[in-house]
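Structure first, then comments.
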Amino acid sequence: MIGVAWEVGRVRIGELARATGTTARALRHYEQAGLISSERAPNGYRVYDERTVVRVRNIRHLLAVGLNLDDVRVFLPCLDRDVAAAPPSDTGLRVALERLAVLNQRIAAQTEVRDRLEAALRRATGV
């Protein structure tokens, strides 16, 4: 069990945020995106099943490697297990490869802009 909870097996949003190294705002965003869910305590506070800790850590891992929330939705069936240790699925690999292609396109476009700016500065300064 994580900290002092509202009820056995339940954690408040602040406790979940601390346990997962994120913010309450991010958790509300994940909930709005349909990646996690909460219930309301009688006082109106959001409460989460303590197993949501694993799910949020997995979401954060997938975001940290470069996926976005839409990409993460594909992983919903396996977010309650250790996604980093699990063998990759064909769907997961496809999503990751598509995201990598998008990132490579963006990097190429930014590199092109940088090179044009660099060339313009060289012409302007003679350096």
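Given the options D80, D71, D115, name the one that is part of a helix (DSSP H, G or I), in contact with a Lys or Arg (Cβ under 6 Å, 6 or more places away or on another chain) and either acidic (D, E) or modelled with pLDDT of 95 or more (or both).
On the way: D80 fails: part of a helix (DSSP H, G or I); D115 fails: in contact with a Lys or Arg (Cβ under 6 Å, 6 or more places away or on another chain).
Going through D80, D71, D115 in turn, the sole match is D71.
Does V47 qualify as being of a type in the set (V, I, T), surrounded by 15 or more Cβ atoms within 10 Å (Cβ to Cβ), touching a residue at least 40 places away in the same chain (Cβ under 8 Å) and under 11 Å from I13 (Cβ atoms)? Judged against the criteria, V47 is a match.
Could you grab me the full set of residues in the stretch 36-67 that are assigned to a helix (DSSP H, G or I) and within 10 Å of the chain's Cα centre (by Cα)? Of everything in the stretch 36-67, those that are assigned to a helix (DSSP H, G or I) and within 10 Å of the chain's Cα centre (by Cα) turn out to be V56, R57, N58, I59, R60, H61, L62, L63, A64. Scanning the stretch 19-30 for residues being free of Cβ contacts under 8 Å to residues at least 12 places away in the same chain and either in a strand (DSSP E or B) or crowded, with 16+ Cβ neighbours inside 10 Å (or both) gives a total of 1. Only one entry of A96, A64, A86 meets the criterion of being in contact with a Pro (Cβ under 9 Å, 6 or more places away or on another chain) and of a type in the set (A, V, I, L, M), and that entry is A96. Taking each residue of the stretch 72-93 that is in contact (Cβ under 8 Å) with a residue 24 or more places away in the chain and surrounded by 11 or more Cβ atoms within 10 Å (Cβ to Cβ) and looking for partners that are among the basic types (K, R) and not in a helix (DSSP H, G or I) with beta-carbon atoms closer than 7 Å, six or more apart or interchain, yields D80/R51. For D70, the conditions (1) closer than 30 Å to D90 by Cα; (2) more than 18 Å from the chain's Cα centre (by Cα); (3) among the acidic types (D, E) all hold with the exception of (2). N68: closer than 16 Å to S37 by Cβ and of a type in the set (S, T, N, Q), yes or no? Here the answer is no, as N68 does not meet what is asked.
The values are calculated or read from the model by the stated rules, or taken from the named source; none is laboratory data. All of these numbers come straight from a predicted model, not from anything done at the bench. Note that each Cβ is placed from the backbone with ideal geometry, even for glycine, and that neighbours are counted across all protein chains shown.
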